[in-house]
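The values are calculated or read from the model by the stated rules, or taken from the named source; none is laboratory data. Model, not experiment: these values are computed from the prediction. Heads up, the Cβs are rebuilt from the backbone with ideal geometry, glycines too, and the neighbour counts pull from every protein chain shown.
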Amino acid sequence: MSSSKSQIEEIVDRALAEDLGKGDVTTEALISSDQRGTGFIVAKKEGILAGIEVAKQVFHRVDPELKVEILLEDGARVKPGGKVAKVSGSIASILKAERIALNFLQRLSGIASETNRYVERVEGLPVRIMDTRKTTPGLRSLEKYAVRVGGGDNHRMSLGDGILIKDNHLAALRSQGLNIKEIIAKARQNAPQRLPVEVEVGTMSEALEAVEAGADIVMLDNMNLEDMRKAVKSIHGRALIEASGGITLGNVRAVAETGVDFISIGALTHSATALDISLELEAQ
């Protein structure tokens with residue numbers, strides 16, 4: 001996981017504060033602090049596991065005395081009934097940590113599973129499935145990690161990672177009379193050196209104009225398959241090509257077959273369904 005231990009602790013602590021800010025009145029009213037037990041984290045649906053170390057961190061932040069045994073590592077394909085981890089110690093502590101641990105595990109596993117479905121659809125083709133910045137505020141590092149676990153690649157982690165001239169940048173600068181060539185030149189002049197320049201385009205003419213102006217990457221936004229094929233043929237190695245917008249499991253392979261280099265999909269993070277995972281407690 002690329003996130004540092006301190007970053008993960010900060011994210012976990014915020015989540016725990018949200019859930020435990022006023023304490024767990026139910027557990028505190030009913031469960032003795034010295035009652036011991038074991039909980040098994042169990043998958044209820046098939047998918048790709050991601051976030052097990054984050055879940056472990058949750059249990060340890062609630063109670064350092066809890067023993068967490070990881071049974072399956074991130075990237076493992078889980079099946080219904082499959083045990084993912086074993087947590088032993090104070091039942092009260094297990095119950096206090098349960099929901100937040102599962103929230104992270106379900107969310108990240110859902111993203112990894114969705115990403116993997118797209119990756120499998122384009123198997124055998126020289127294309128990379130990539131995410132976007134359409135992530136849950138504050139959870140980007142974890143969600144992009146989950147994309148990698150699922151076999152995908154990360155696009156920009158933040159706005160400082162590359163120049164991406166989007167439609168609204170173009171609109172703002174065209175209102176000042178600049179064309180794509182002049183906009184790209186302005187970006188290269190004013191931005192840090194060595195950063196790649198990517199331009200979002202919606203038509204064949206814009207794509208060719210961007211390439212001729214020296215763009216490193218051309219993003220074909222919501223372009224139909226026929227125009228994508230024409231763009232790939234016309235650009236022919238002069239720039240990398242990214243397809244974006246309107247990509248689904250149903251059409252991703254057809255998009256990949258046009259010859260684009262990357263396919264970016266916001267749904268990997270903004271619309272992934274959480275993988276059903278629960279904790280089953282065995283009291284002593």
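Restricting Leu195, Leu249 to those that are at pLDDT below 95 and outside any helix (DSSP H, G or I) reduces the list to Leu195.
Among the numbered conditions (1) without any contact (Cβ under 8 Å) to a residue 60 or more places away in the chain; (2) more than 17 Å from Ala274 (Cβ to Cβ); (3) outside any loop (DSSP other than H, G, I, E, B), tell me where Glu28 comes up short. Of everything listed in (1) without any contact (Cβ under 8 Å) to a residue 60 or more places away in the chain; (2) more than 17 Å from Ala274 (Cβ to Cβ); (3) outside any loop (DSSP other than H, G, I, E, B), Glu28 misses just condition (1).
To keep it simple, each residue is scored yes or no on (1) more than 21 Å from Lys230 (Cα to Cα); (2) touching a Gly at 6+ places or on another chain (Cβ under 9 Å); (3) touching a residue at least 24 places away in the same chain (Cβ under 8 Å); (4) surrounded by 15 or more Cβ atoms within 10 Å (Cβ to Cβ).
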{"residue": "Val149", "(1), (2), (3), (4)": "yes, yes, yes, yes"}
{"residue": "His155", "(1), (2), (3), (4)": "yes, yes, yes, yes"}
{"residue": "Asn168", "(1), (2), (3), (4)": "yes, no, no, no"}
{"residue": "Val201", "(1), (2), (3), (4)": "no, no, no, yes"}
{"residue": "Ala207", "(1), (2), (3), (4)": "no, no, yes, yes"}
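Out of all the residues in the stretch 172-186, which are in a helix (DSSP H, G or I) and either hydrophobic (A, V, I, L, M, F, W, C) or exposed (fewer than 11 other Cβ atoms within 10 Å of the Cβ) (or both)? Once the filter is applied, which keeps residues that are in a helix (DSSP H, G or I) and either hydrophobic (A, V, I, L, M, F, W, C) or exposed (fewer than 11 other Cβ atoms within 10 Å of the Cβ) (or both), the stretch 172-186 yields Ala172, Leu173, Ile180, Ile183, Ile184, Ala185. Strands (runs of 3 or more DSSP E) fully within the stretch 57-171 that include at least 1 residues being among the acidic types (Asp, Glu) and more than 30 Å from Gly250 (Cβ to Cβ): 67-70. Is it the case, given these coordinates, that Glu198 is under 26 Å from Gly266 (Cβ atoms) and touching a Leu at 6+ places or on another chain (Cβ under 8 Å)? Spelling it out, Glu198 is indeed under 26 Å from Gly266 (Cβ atoms) and touching a Leu at 6+ places or on another chain (Cβ under 8 Å). The condition of being basic (Lys, Arg) and either more than 23 Å from His270 (Cα to Cα) or loosely packed, with under 13 Cβ neighbours inside 10 Å (or both) does not hold for Lys144. May I ask you to verify whether Ala239 is of a type in the set (Gly, Ala, Ser), in the same structural domain as Leu225 (by TED's automatic domain parsing), buried (at least 21 other Cβ atoms within 10 Å of the Cβ) and in contact with a Leu (Cβ under 6 Å, 6 or more places away or on another chain)? No, not satisfied.
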